[in-house]
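Encoded as structure tokens, the structure appears first; notes follow it.
Each reported figure results from applying straightforward, stated rules to the coordinates on display, with no laboratory input. Quick caveat, the model's predicted, so the values are computed rather than measured. Cβ sites come from the backbone with ideal geometry, for glycine too, and all protein chains shown count toward neighbours.
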Amino acid sequence: MQDIKKIVLAYSGGLDTSVMAKWIKETYKCEIVAFTADIGQGAELSGLEEKALSTGCSSIFVEDLRDEFVRDYVFYAVKAKAVYEGCYLLGTSVARPVIAKRQIEIAQKVGADAVAHGATGKGNDQVRFELTYYSLKPDIKVIAPWRNWPFKSRTDCINYAKEHNIPVTATAAKPYSMDANLMHISYEGGILEDPWAPAPEDIFLLTKSVEKAPKVATELTLSFERGVPVAINGEAMAPVALLTRLNEVAGENGIGRVDIVENRFVGMKSRGVYETPGVTVLHQAHRALESITLDREVMRLRDGLSIKVAELIYNGFWFAPEFQHIKGMIEGMMQPVTGDVKLRLYKGNVTTLGRRSPNSLYSEQLATFEADQVYNQADAEGFIKLNALRLRRQAQLRG
């Protein structure tokens, strides 16, 4: 066993980390400092200090990272159009680097020689946390209890919690895992492990079902500056306030539910159910504004990079050199993406009604079907024949 003097534990107060604090204390016989990142999980933060101290932690840091999370991570993912496997908007993946980064900063502040997390040995989060740890502090020691403690399931953890009077909300009847932040809520495991079984309606917290969504549509206008959302209906808003408002409005209209089977980085397939209402709307609006402000080839280049960005975020490489280089490229591409987008939200759907920008590349004179003095339609014949040259040669060879 490693010789460790002080550990900073990423602590949520949920089943895993509640049990973990007690188990680490008994196993490593060292000081444990709990760290909780406030990234918008709300009520989950209540009572954490008392709970952490009662399970063996010497102290707890509860850090408000909401602004940094939304401004530097969530909004960047929107600008990059980072969507994993065509569906997943990466709400959990985007949150991990901001948490791990602050955890390392606290470890340095308190003189800890190790950090610990509650990710399982089957999931992606262990990779995301640890790649960030090692990127920022190469000599840090990492404790990952799920990879070496005696518990084999969350049922074992529930039983351990009962034995040691550790209060937890998970039960054997409802053992699925839930992760919440300002960007989304994810649900996986337990009753969701059968990919044929529909997710129970009562698990959803951010979104109404399409059936219960209002019968009257909601219309709103989103404003952007250099790719960053800055206002709703003309009201300037800070990042956290803006995303909070969008989550409320979009959730009320049944927008943002996704049920997918994704390919984990560690090699297995996993079923995940997600609610991402506000960011679903942001993606639609952002794309609409780009359609008039980005050059065609710039947009295609960004779209090509988007797949790579999504994979890097999902797999935990936020602080890798290739990610930082791509990030700089994406930020440069966003300079002209300023303007407004008008949207309609209705029963799970987001519809673009209009878009405008001082940097618009759209020209009504060029696009019109009416008579114009700008575009000579006869020029298209040569353009088509040049592009057909290789196709015609292939046809000739085929006889």
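Let me know the whole percent of all Cα-Cα pairs from region 79-135 that are separated by more than 15 Å.
Tail of P(r) above 15 Å: 54 percent of Cα pairs.
If you plug each phi of region 70-86 into the Karplus form 6.51 cos²θ - 1.76 cosθ + 1.60 with θ = phi - 60°, what whole-Hz ³J(HN,Hα) values come out, in order, with x for Gly and Pro?
Values per residue, Gly and Pro as x: 6, 5, 9, 10, 5, 5, 5, 4, 5, 4, 7, 6, 7, 10, 7, 6, x Hz.
Give the Cα extents of region 258-366 along the principal axes, in whole Å, largest first.
In descending order, the Cα extents are 52, 39, 20 Å.
At VAL261 and ALA197, where each label point lies 7 Å from the Cα along Cα→Cβ, what is the point-to-point distance in nanometres?
Spacing of the two 7 Å Cα→Cβ label points: 1.5 nm.
Hey, can you grab everything whose amide H is under 5 Å from the amide H of VAL62? Only 5+ residues off in sequence or another chain; H modelled, so Pro and N-termini drop out.
It is THR36, by chain and number.
Over all directions, average the projected area of the Cα convex hull of region 256-319 and note it in nm².
Averaged projected hull area, Cα only: 5.5 nm².
Rounded to a whole number, what is D in µm²/s for region 157-283 from Stokes-Einstein with the Kirkwood radius over alpha-carbon pairs (4 °C, 1.567 mPa s)?
It comes out at roughly 77 µm²/s.
Give the range of the longest stretch in the chain that excludes all chymotrypsin sites (Phe, Trp or Tyr not before Pro) found in loop regions by DSSP and having at most 11 other beta-carbon atoms within 10 Å.
Maximal segment without exposed cleavage sites: 1-195.
List the residues, sorted by chain then number, that are 5 or more residues from TRP149 or on another chain and whose placed amide H is less than 5 Å from its amide H.
Counting only residues 5 or more places away or on other chains, the set is empty.
Could you tell me what % of all Cα pairs in region 313-389 have separations over 19 Å?
Of the Cα pairs, 70 percent sit more than 19 Å apart.
Got a sec? Which residues in region 77-103 would a label at ILE307 touch, if it sits 7 Å along Cα→Cβ and we count backbone N under 14 Å?
The answer is 82-87.
Starting from the Cα of VAL298, step 7 Å along the direction of its Cβ; do the same at LEU353; then give the gap between the two resulting points in nm.
About 2.8 nm, to one decimal.
I need the phi-derived Karplus couplings for region 124-136: 6.51 cos²θ - 1.76 cosθ + 1.60, θ = phi - 60°, integer Hz, Gly and Pro marked x.
7, 4, 4, 5, 4, 4, 6, 5, 5, 3, 5, 5, 9
If one computes P(r) from the Cα atoms of region 4-134, what percent of pairs lie at distances over 19 Å?
Roughly 50 percent, once rounded to a whole number.
Can you compute 3J(HN,Hα) from phi for each residue in region 326-334, using the Karplus curve 6.51 cos²θ - 1.76 cosθ + 1.60 with θ = phi - 60°, rounded to whole Hz and x for Gly and Pro?
Along region 326-334, the couplings run 5, 4, x, 5, 4, 4, x, 5, 7 Hz.
First measure r as the distance between the Cβ atoms of GLU50 and SER291, then evaluate 1/(1 + (r/R0)^6) with R0 = 56 Å and state the FRET efficiency to the nearest 0.05.
0.60
Considering the Cα positions of the chain, please state its Rg to one decimal place and its Dmax as a whole number of Å.
For the chain, the Cα-based Rg and Dmax read 24.6, 83 Å.
May I ask you to work out the translational diffusion coefficient for region 19-64 at 25 °C, viscosity 0.890 mPa s, via Stokes-Einstein with Rh from the Kirkwood sum over Cα pairs, reported in whole µm²/s?
After rounding, the answer is 222 µm²/s.
Which of GLN365, GLN108, GLN377 moves the most in a Gaussian network model of the chain with Cα springs under 10 Å?
Of GLN365, GLN108, GLN377, the Gaussian network model singles out GLN377 as fluctuating most.
For the chain, modelled as a Gaussian network with Cα springs under 10 Å, which listed residue fluctuates most, ASN349, ASN247, ASN148?
ASN148
If amide hydrogens are placed 1.01 Å from N in the peptide plane, which non-local residues have theirs closer than 5 Å to the one on LEU9?
Residues meeting the criterion, in which the H sits 1.01 Å from N, are VAL33, ALA34, PHE35, ALA116.
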